[in-house]
Amino acid sequence: MSLIEFYARNGREALGLLGQHLVLVGISTAVALAIGVPLGIALTRRPAWRRPVLGTANVFQTIPSLALFGFLIPLPLLGGIGARTAIAALVVYALLPIIRNTYTGVIGVDAAVVEAGRGMGMTDGELLRLVELPLAVPVILAGVRIAVVVGVGTATIAAAIGAGGLGVYIFRGVATVNDTLILAGALPAAVLALAADAGLGALERRLSRR
Amino acid sequence: MSETVLEVRGLGFARRGSDGSSQSVVADLTFALGRAETLALLGRSGSGKTTTLKLINRLLEPTAGSVHVAGQEVTTARGVQLRRRIGYVIQEVGLFPHFTVEQNVALIPRLERWPPARIAARVRTLLGMVGLEPDTFAGRYPDQLSGGQRQRVGVARALAADPPLLLLDEPFGALDPVTRVELQREFQSLAQHLDKAMVFVTHDVREALAIGTRVGLMQDGRLVFLGSPGEFRSCPHPECRAFLEAL
Amino acid sequence: MSPTATRRWCRATRVAVLLVSLVPACRRGDRIVVGAKNFTESDLLAELVAQQIERRTALTVERRLHLGGTFVCHQAIVAGEIDAYVEYTGTAFTAVLQHVPVQDPDSVWRAVAAEYLERFGLVWLPPFGFNNTFAIAVRRADAEREGLRTIADLARVAPRWRAGFGYEFLERADGFPGLARTYGLRFAAPPTAMELGLTYRALADGRVDVIAGNSTDGLIPALDLVVLEDDRRYFPPYHAAPVVRRAVLLRHPEVERALAELAGRLSDAEMRRLNARADVERQDLAVIARDWLAEHVPTP
């Protein structure tokens, strides 16, 4: 059966899985942003935290996904099986690029600009909100872009823990040695990753013009 | 001297080394400055000029002595409140690259919640004052300006909230010689009718003599000479002689 | 790649192919090559076969373990790259011979043995005894509390229980849909589709109540799980047996005699224990095989 035939016959299901996939990536990226950006900012204020925090995020990222699921299943709040666990794992993988780029972006703001701001009597919060963050946005966005592209790919393994997404087709295809099925999951995931990359890349370029 | 704007008494700053020893960067500075006075703080690199400015607006905490700005002891004021009453201009200018010229100049009035109409009027006045045509320049971004124009904006920004005291850290140091002389001249006339106390840091003795109503010479963190430009020319101190020979 | 490089590459390939084709010629005589599929049980059984041949004959055994999937091993033995490996009747019947799954073990065995000999010149020696099929497993505590012994018993409590199954079990013709029909199984919610290895974890941690594992998996004893009996004989048989090239057996009949001693010696539970020693306790395959042979197939 060709891929086109497959989609013609299973269109509703495929769209449903695509939707689940987008939700998994969307929520996990949002949560990773909510944790990663403040943490990245905190690192610029507390240089001593930098190595332990980035080191930990780095180690997290090297944990194989199935092993991570294995650790997560018994956990009380994040654990179990289903979307919540998959999102927890995806957040873990998305954190490093977001924390690192937030830190790099904020610390990389021209020292003279920061000194001028401070010297003029801006508070730390004003400086962060009006100067450092806006100037760091392109760099932070580059981190988000990495996180999203990696996330779209990684979210296919959410199907390993009953969280659905396009990985369902891939796992089914692998289990039944059905290449069409594998493609039916892998192809839209790849297109999604490329689209996210291009879209966020364009946004990044537009924002870094100034 | 009319009313005293800045009074520095026995000011010192020591940096504590990792081994617990402390190294003096600035020591025993004493001077006072009134309205319409400009102190040109002269010295070689590393003599403590920039540190002195940062002790005055508390970007650094003094380890000895006291600083009064407009009668208030600076260590009792909140740093942020204090710095909003002190204009600050640095060599690298430090304009916010994502703000237009207008937004840069308007920043402190905006943070102080001035009414928008008052801010707009103030920006136009200031830009005119530093020789930038408001209609042409207000909407530009810093990367669309020349080095001299940027520093003019820097001065306008420092004057925005009409502070009684202005600190300038080698503001013309990075400019080409022609622009530099041009700006020095304009600054002189600006300073004369601005009626502000200014501390102007430079390592250029020509600039110090041209701009300062008084000259202070620093060596190794200490003030080795303080007096009028005329007095400076006849100062016998070896460091004074060294600088005068560079004329 | 440049044309010259391509030509050079082609020449190198031809030389390599020539060398490889010489290998079986040199090997003829006193060497026998035992292969295995890419999972622990296959490696372990290949090691058992290899050691038993070494114990009982003068042949040298070369081990080529963890080769790949069914297809790879089948191609290798048909091409004479390997002389023997352990295959499962059900797998040979459906995956290699492409038949529709059949439940009766004897007819599967007869069909597989006859067709392999006729089509590939391969001989199925007597099976080891165990049946590595899908195993419906539950926690021991639950089985005891609810008095579950068979899958029919499970159907009684299923409406209150949650199931987590691997994708293969959910998709295969001989997997969940047929099982549900045969036993009238209805769970509290549709079974959660998961990676097979994680289903064990989810069961052990109480996130699901029923899984479908493999009946000889070492995790079953390790996690103290109970396998429910397939009392309606739904799952097709997957009996493991050595498959050997006929040419080898004709030249070395002692191999057939040696491997006949292993026939029927491994129960499901015994195989689970051996797998557990390899997968859970991480013991060396050669050591596990030597211990087991010394105990169960003593030298007279």
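Summary table below
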quantity: Karplus-derived 3J(HN,Hα), 6.51/-1.76/1.60, for each residue of region A:17-34, Hz, glycine and proline x; calculated: 5, 4, x, 4, 4, 4, 5, 4, 5, x, 5, 5, 5, 4, 5, 4, 5, 4
quantity: Peptide A:173-185 - average C-beta neighbours from other chains (10 Å radius); calculated: 2
quantity: R0 of 51 Å, Cβ-Cβ distance C:A58-A:V23: FRET efficiency to nearest 0.05; calculated: 0.20
quantity: Interchain or long-range residues, amide H under 5 Å from B:R140's placed H; calculated: B:V101, B:E102
quantity: Shape category assigned to region C:134-227 from the gyration tensor of Cα positions, a/c cut at 1.5; calculated: rounded
quantity: Cα-based Rg of region B:33-132 normalised by 2.2 N^0.38 Å, two decimals; calculated: 1.26
quantity: Accessible-area order (highest first, 1.4 angstrom probe) of the listed residues A:W49, C:W109, B:W114, C:W161; calculated: A:W49, C:W109, B:W114, C:W161
quantity: Whole-number D in µm² s⁻¹ for region B:125-197, Kirkwood Cα-pair radius fed into Stokes-Einstein, 10 °C, 1.306 mPa s; calculated: 124 µm²/s
quantity: Dimensionless Rg ratio for region A:1-153, taking C-alpha atoms and the 2.2 N^0.38 Å reference; calculated: 1.31
quantity: Protection proxy ranking, peptides B:28-38, C:128-138, C:143-153, B:12-22, average beta carbon neighbours within 10 Å, highest first; calculated: C:128-138, B:28-38, C:143-153, B:12-22
quantity: Cα-based radius of gyration of region B:131-247 once divided by 2.2 N^0.38 Å, which approximates compact folds; calculated: 1.19
quantity: Accessible area (Å², 1.4 Å probe, nearest 10) - B:E182; calculated: 90 Å²
quantity: Between region B:95-136 and region C:100-145, the alpha-carbon center distance in angstrom; calculated: 85 Å
quantity: Tail beyond 27 Å, pair distance distribution of chain B (Cα, percent); calculated: 36 percent
quantity: Over region C:175-300, equivalent-ellipsoid semi-axes from the Cα gyration tensor in Å; calculated: 35, 20, 12
quantity: Between 0 and 90°, nearest 10: helix C:40-56 axis offset from chain C longest Cα axis; calculated: 50 degrees
quantity: Paramagnetic label zone (point 7 Å from Cα along Cα-to-C-beta, C:A294; backbone N under 18 Å) in region C:256-286; calculated: C:274, C:277-278, C:283-286
quantity: Residue-averaged beta-carbon neighbours from other chains (10 angstrom radius) around C:190-196; calculated: 6
quantity: When region B:96-162 is reduced to its Cα atoms, the Kirkwood hydrodynamic radius in Å; calculated: 11.5 Å
quantity: Highest to lowest packing among A:9-19, A:122-132, scored as the average C-beta count within 10 Å; calculated: A:122-132, A:9-19
quantity: Average partner coverage of B:96-107, which counts Cβ from other chains inside 10 Å; calculated: 3
quantity: For the protein assembly as shown, fraction of C-alpha pairs farther apart than 45 Å, in %; calculated: 51 percent
quantity: Potential lengthening between C:V72 and C:L97 on full extension [0.36 nm per residue; Cα-Cα distance subtracted]; calculated: 7.5 nm
quantity: Semi-axis lengths, Å, chain C, gyration tensor of Cα atoms, sqrt of 5 times eigenvalues; calculated: 38, 23, 19
quantity: For region C:57-136, the spread of Cα positions along each principal axis, largest first, Å; calculated: 38, 31, 25
quantity: Mean Cβ count within 10 Å, highest first, over the residues of peptides A:26-34, B:86-94, A:60-68; calculated: B:86-94, A:26-34, A:60-68
quantity: Distance in nm between pseudo-label sites at B:T136 and C:R110 (7 Å out along the Cβ direction from Cα); calculated: 10.5 nm
quantity: Rough spin-label spacing in nm, given labels placed 7 Å along Cα→Cβ, for C:Q283 and B:Q81; calculated: 7.9 nm
quantity: Centre separation in Å (Cα based) which lies between region A:12-59 and region B:147-176; calculated: 42 Å
quantity: For region A:134-210: Kirkwood Rh in Å [reciprocal of mean 1/r, alpha carbons]; calculated: 13.6 Å
quantity: Euclidean distance of C-alpha centroids, region B:64-79 and region C:218-269, integer Å; calculated: 90 Å
quantity: Which of C:D43, B:D143, C:D268 is most accessible, then next, and so on - probe 1.4 Å; calculated: B:D143, C:D268, C:D43
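The values are calculated or read from the model by the stated rules, or taken from the named source; none is laboratory data. Since this is a predicted model, take the numbers as computed values, not measurements. Note that each Cβ is placed from the backbone with ideal geometry, even for glycine, and that neighbours are counted across all protein chains shown. Areas reflect the complete protein model, heavy atoms only, side chains present, ligands, DNA and RNA absent. Shrake-Rupley method; radii C 1.70, N 1.55, O 1.52, S 1.80 Å.
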